[in-house]
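Before any comments, here is the structure.
The values are calculated or read from the model by the stated rules, or taken from the named source; none is laboratory data. All figures in this text were calculated on a predicted structure; none of them were measured in a lab. Positions of Cβ are backbone-derived with ideal geometry, glycine not excepted, and every protein chain shown enters the neighbour counts.
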Amino acid sequence: MRLRRVLAIAERDLRIEFSGRRGGMLPIVVALMLLPVAVIPRPPPSPPNQKKIMVHGDVPPEVAALPNLVRNVGPPRITMFPPSPPEEPGWRVEGPLLPKALTNALDSMDTKIKVVNLESPPWTLPERSLLLGLLSASMLTGALAQSIPGERASRTLEPLRTASVSPLEIVVGKWLAWTAFAGGMAMLAGLVTVLLGYQSPGPWLVAMPWVAAATAAGGLWLVRRANDVVAGATVALRTQPLLLAVLALAAWVLGWVHPLLGAAVPLGGALMAAGNLWEGWAPVLLAILSTALACAACLVATARDLGEREQIHVRRGWGAAVAMGGVAAVTWWLAILGPMVWALGGASERTELIPKVSGPTAGMFAMICMVVALAVRNSKPFESVGLVRASRFAWVAALAVGLVLPLLASATDLWPMPASPLWVDTRTRLIGAVTPQMGSPALLVGVIAAQELLLRGWMRRAGGGLLAAAASVLVLAPLDPVRGLLEAGLLGALVVASGGAVLPAILARVVGSAMSHVVPGTPAWLGVAAALIVGAGLWWAPTTPPTPAS
Amino acid sequence: MNASRAFRGWAWLTGSMIQRLLREGMVLRSMVLPVALTVVVMVATVATVTWSRVRGVAVSPALATPEFREDIEAAGGVLMVSDTPEAVVRAGDAAFGTDGATFWADRSVMPSQALEGLIRRQIGAAWRPYETHERRAVLSKSDTSSTNAIQFIGAIFAMYGVVFGAGAVARDRDDGTLDAELSAAQPMWVTPLARWSAATLVLGLFFTMSVTMMHAVVGLEAPWSLAISGATASSTAAAVGMAVIGVGGKTQGFAGPMSAGLVIVMGLFSLGLYEPWLARSLPVASLLDPNLGVAPLIGLLLGPLYAWWFAARVARG
């Protein structure tokens with residue numbers, strides 16, 4: 001690696017950014033963000049137990065003596081009830097997370113019983129220099145998005161790669177430019193803090209530029225394949241804060257066990273060291289070493305992939321269909337069964353608060369997003385999700401299928417289920433998710449349309465009818481497979497007979513849902529027989545060639 | 001130039017822009033990640049807390065009556081009989097312990113008020129924490145943590161709005177797409193308005209999906225007003241992003257204007273955190289106001305306003 005070339009690349013990157021008409025904007029914005037953090041005086045430490053304690057109901061004298069007690073004001077988060085012997089010999093205190101001052105006052109009433117609270121040691125938090133490092137690094141999003149993806153979109157990256165500069169020199173040059181800028185700004189702000197006497201100088205000043213260095217290296221690696229600034233900036237925006245938060249948290253938690261353990265976390269260690277969390281040079285030097293190694297790995301990986309770019313291709317075939325089926329299943333189950341998690345965790349009151357209609361609504365929006373994203377990747381977006389014109393026969397067949405669907409309700413009993421309440425509740429929620437009882441006919445139609453466009457529109461074209469049927473059972477009726485399979489087969493046959501059009505299947509399901517009120521309970525064999533007869537009729541019916549919808 | 005031609009041009013360009021945005025896998029993943037991550041983290045947290053909760057209650061043999069054991073087990077606890085309850089608590093096997101004269105409570109673990117209440121009643125303590133299902137239901141209803149989470153996801157979407165706005169103009173100016181569109185026989189405002197509407201529609205759809213998913217799993221107090229506020233916050237941010245980049249390309253500097261756009265949008269959001277009346281009046285800040293006021297409407301007007309300004313700037317050359 002030749003230093004002169006690296007410096008030339010660095011200078012070029014900075015010149016592109018700073019020489020334009022708005023070139024001065026970045027340093028001004030960074031300075032405006034950093035200076036207030038650096039110069040605002042440290043707030044005086046607040047005296048302990050100054051937070052108001054809001055209590056409703058009667059209070060014993062020990063609690064009434066608390067200087068910061070506020071009684072019967074605001075919402076009743078804490079309510080106290082006096083003793084009512086013999087059932088309740090003591091005071092009852094209702095409320096979550098009771099303040100320590102209040103529990104201490106209540107404990108002081110006990111003369112016979114001694115209360116010993118075993119508590120964790122108090123947490124040590126990093127100083128303001130951590131925020132300076134974070135802010136300067138967070139300002140690199142646009143610069144990094146421009147650095148590789150921007151050059152790729154402007155077609156200036158290719159000439160650079162064909163010149164006598166190696167990919168590693170290009171990447172290191174770009175990294176150096178933005179590390180020097182953000183690291184330098186952070187150090188300057190840190191020095192201002194020291195000069196004003198808000199933080200004493202120490203090894204943290206040396207660790208500070210390494211936050212920017214690791215953010216720049218990680219950022220370049222993240223955007224290495226992005227095709228333009230939009231993709232580059234969004235990937236940096238979504239991933240960088242997450243990485244910073246996770247690694248900082250890991251370093252902070254591990255630093256509790258031993259500072260050197262926390263310092264060994266790349267980037268997280270540098271962040272905590274920049275925040276002056278640990279004393280002495282050893283953790284700081286280790287944090288710099290681990291971060292430098294991570295930077296080197298990111299830069300080498302970025303240089304290796306510099307010639308590659310994100311492929312915008314339409315994924316088809318079994319693999320794509322199976323993957324999408326999995327995503328659809330997880331999304332639908334999460335929306336419908338998600339509230340049950342609270343009950344399992346011991347907070348059944350939250351499960352009861354979540355309206356049942358919210359699950360199908362969320363599932364509908366998630367499936368609409370999937371359908372839109374899949375359709376726009378295709379050269380024929382409408383056709384790719386089954387939005388083609390259907391023949392008159394298809395509409396008549398849809399009505400017939402719609403009449404058969406309610407008869408299948410009894411088929412649920414053909415699949416034995418464990419009697420456990422959890423299984424029963426899960427199956428009831430999944431079966432009852434798409435019914436007229438959900439309240440709004442528009443929502444019912446919306447949910448059915450989203451499901452059909454994804455499962456029998458896109459999925460059938462991408463992976464075939466068999467896979468679409470399997471996905472339909474997996475997503476909609478995993479615990480009711482007999483009925484699910486019969487419905488999937490019937491609707492799949494209808495779509496095939498309609499020449500790939502999904503609209504008749506949507507109509508059939510809407511009619512079926514509406515008729516479920518009218519059709520009385522029938523024996524299971526009747527539904528199965530009707531489904532097999534109508535399904536066979538559709539299978540041997542002449543297939544209509546698809547016509548694109550206008 | 002008739003209006004229907006302009007409208008058709010706007011519709012086609014908006015559709016094309018939506019297609020370009022959603023074809024990028026990185027962009028698509030960015031819009032799904034915030035809510036996926038939040039929901040997964042929430043569910044994982046509940047699971048972890050449930051499984052790792054210390055359920056033990058250590059008592060000396062004299063206190064371990066059958067009735068007490070029954071009560072503890074009904075509250076989801078495990079009664080541990082020991083001659084040295086203190087040692088059991090210090091070892092981390094029990095959250096609470098007592099020998100009748102001393103009560104030990106490990107406050108470093110998730111406390112169970114029900115178990116603490118039972119053990120305090122058993123030893124005749126002067127007070128005990130008390131909770132009922134109804135009371136917890138009231139508290140759950142007033143819990144704002146899920147609303148706060150979706151408000152911050154809304155802030156992330158607003159930042160995406162800046163990126164979509166600034167990036168779409170700068171990228172298309174540099175690769176010539178913008179000039180090609182501006183030379184077409186249609187009003188100048190169609191090109192910027194299409195970019196803004198595409199960003200608004202894509203971000204609005206995915207943010208609404210995020211809100212409904214959070215509402216389905218965690219429960220939100222006012223999901224639809226949150227969805228509308230978030231969608232308009234994104235549209236405001238897209239207009240801000242376009243405005244800060246102006247009519248220029250990346251050769252006039254990209255990182256600076258984009259950072260300025262991000263700071264403006266996050267500044268608006270922070271103002272809403274600082275003062276509730278600002279949350280009622282300012283776009284983006286309105287994400288923090290549960291009631292829909294005029295702020296979302298102001299945000300929606302910024303896009304057409306930007307399109308008009310852009311057209312005027314381009315017309316001036």
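Results, tabulated for the structure shown:
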item: Options A:Val434, A:Val396, A:Val424; residue that is touching a helix residue (DSSP H, G or I) at 6+ places or on another chain (Cβ under 8 Å) and either within 14 Å of chain B (Cβ to nearest Cβ) or at pLDDT 80 or above (or both); result: A:Val434
item: Listing of helices (runs of 4 or more DSSP H) fully contained in the range A:259-371 that carry 2 or more residues being under 30 Å from A:Ala186 (Cα atoms); result: A:259-263, A:268-274, A:282-304
item: Of the criteria (1) surrounded by fewer than 21 Cβ atoms within 10 Å (Cβ to Cβ); (2) assigned to a helix (DSSP H, G or I); (3) small (Gly, Ala, Ser), which one A:Ala212 fails; result: (1)
item: Helices (runs of 4 or more DSSP H) within the range A:444-550 that include 3 or more residues not assigned by TED's automatic domain parsing to the domain that holds A:Asp413; result: none
item: Any hit, the range B:239-254, residues being farther than 17 Å from B:Ala158 by Cα, within 13 Å of chain A (Cβ to nearest Cβ) and polar (S, T, N, Q); result: yes
item: Strands (runs of 3 or more DSSP E) (entirely within the range A:38-128) containing at least 3 residues that are within 11 Å of chain B (Cβ to nearest Cβ); result: A:79-81, A:91-94, A:114-118
item: Whichever residue in the range B:39-58 is away from every other protein chain (no Cβ under 11 Å) and in contact with a helix residue (DSSP H, G or I) (Cβ under 6 Å, 6 or more places away or on another chain) and, among such residues, is farthest from B:Gly154 (Cα to Cα); result: B:Ala58
item: Some residue of the range A:11-20 being among the charged types (D, E, K, R), within 11 Å of chain B (Cβ to nearest Cβ), free of Cβ contacts under 8 Å to residues at least 12 places away in the same chain and touching a Phe, Trp or Tyr at 6+ places or on another chain (Cβ under 9 Å); result: no
item: Residue count, the range B:91-104 (criterion: small (Gly, Ala, Ser), surrounded by fewer than 23 Cβ atoms within 10 Å (Cβ to Cβ) and either under 13 Å from B:Ala62 (Cα atoms) or at the interface with chain A (Cβ under 10 Å from one of its Cβ atoms) (or both)); result: 3
item: Pairs, first on the phi > 0 side of the Ramachandran plot and assigned to a helix (DSSP H, G or I) in the range A:137-161, second modelled with pLDDT of 85 or more and buried (at least 24 other Cβ atoms within 10 Å of the Cβ), C-beta under 6 Å, six or more apart; result: none
item: Helices (runs of 4 or more DSSP H) wholly inside the range B:1-96 containing at least 3 residues that are touching a Gly at 6+ places or on another chain (Cβ under 7 Å); result: B:25-52, B:85-90
item: Selection status of B:Trp104, farther than 30 Å from B:Ala155 by Cβ, outside the structural domain of B:Trp127 (by TED's automatic domain parsing) and not β-branched (Val, Ile, Thr); result: no
item: Scope the range B:205-236; condition touching a Phe, Trp or Tyr at 6+ places or on another chain (Cβ under 9 Å) and of a type in the set (S, T, N, Q); matching residues; result: B:Thr208, B:Ser210, B:Thr212, B:Ser234, B:Ser235
item: Conditions (1) of a type in the set (S, T, N, Q); (2) under 23 Å from B:Ser30 (Cα atoms); (3) away from chain A (no Cβ under 11 Å): number failed by B:Ser183; result: (2)
item: Condition broken by B:Ala199, with the remaining ones in (1) within 11 Å of another protein chain (Cβ to nearest Cβ); (2) small (Gly, Ala, Ser); (3) free of Cβ contacts under 8 Å to residues at least 12 places away in the same chain satisfied; result: (3)
item: Set B:Thr208, B:Thr191, B:Thr147: member being polar (S, T, N, Q), within 9 Å of another protein chain (Cβ to nearest Cβ) and in a helix (DSSP H, G or I); result: B:Thr208
item: Subset tally (residues that are at pLDDT below 80 and facing another protein chain (nearest Cβ under 7 Å)) for the range B:108-138; result: 6
item: Residues of the range A:65-81 classified as within 11 Å of B:Arg128 (Cα to Cα) and surrounded by fewer than 19 Cβ atoms within 10 Å (Cβ to Cβ), total; result: 1
item: Residues of the range B:74-89 that turn out to be within 14 Å of chain A (Cβ to nearest Cβ) and under 21 Å from A:Gly345 (Cα atoms), as a count; result: 4
item: Selection from the range A:251-270 of residues that are out of contact with any Leu (no Cβ under 6 Å at 6 or more places or on another chain) and under 23 Å from A:Met139 (Cα atoms); result: A:Ala251, A:Pro266, A:Gly269, A:Ala270
item: Enumeration of residues in the range A:9-22 that are farther than 14 Å from B:Ala170 by Cβ and either among the acidic types (Asp, Glu) or surrounded by 14 or more Cβ atoms within 10 Å (Cβ to Cβ) (or both); result: A:Ile9, A:Ala10, A:Glu11, A:Arg12, A:Asp13, A:Leu14, A:Phe18
item: Residue in the range A:225-236 that is surrounded by 24 or more Cβ atoms within 10 Å (Cβ to Cβ), outside any helix (DSSP H, G or I), in contact (Cβ under 8 Å) with a residue 60 or more places away in the chain and within 14 Å of chain B (Cβ to nearest Cβ) present; result: yes
item: Check on A:Val424, within 30 Å of A:Glu352 (Cβ to Cβ) and surrounded by 14 or more Cβ atoms within 10 Å (Cβ to Cβ); result: no
item: Residue list for the range A:326-350, filter: over 17 Å from B:Ala36 (Cα atoms) and within 9 Å of chain B (Cβ to nearest Cβ); result: A:Trp342, A:Leu344, A:Gly345, A:Gly346, A:Ala347, A:Ser348, A:Glu349, A:Arg350
item: Check on A:Gly465, without any contact (Cβ under 8 Å) to a residue 60 or more places away in the chain and more than 24 Å from A:Asn378 (Cβ to Cβ); result: no
item: Residue in the range B:218-225 that is among the hydrophobic types (A, V, I, L, M, F, W, C) and assigned to a helix (DSSP H, G or I) present; result: yes
item: Residue count for the range A:372-401, restricted to those that are of a type in the set (A, V, I, L, M, F, W, C) and either outside any helix (DSSP H, G or I) or crowded, with 23+ Cβ neighbours inside 10 Å (or both); result: 9
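One line per residue, one yes/no per condition, for (1) surrounded by fewer than 24 Cβ atoms within 10 Å (Cβ to Cβ); (2) of a type in the set (Ser, Thr, Tyr); (3) in contact with a helix residue (DSSP H, G or I) (Cβ under 7 Å, 6 or more places away or on another chain):
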residue	(1), (2), (3)
B:Ser183	yes, yes, no
B:Gln186	yes, no, yes
B:Met214	no, no, yes
B:Glu221	yes, no, yes
B:Ser229	no, yes, yes
B:Gly241	no, no, yes
B:Ile245	no, no, yes
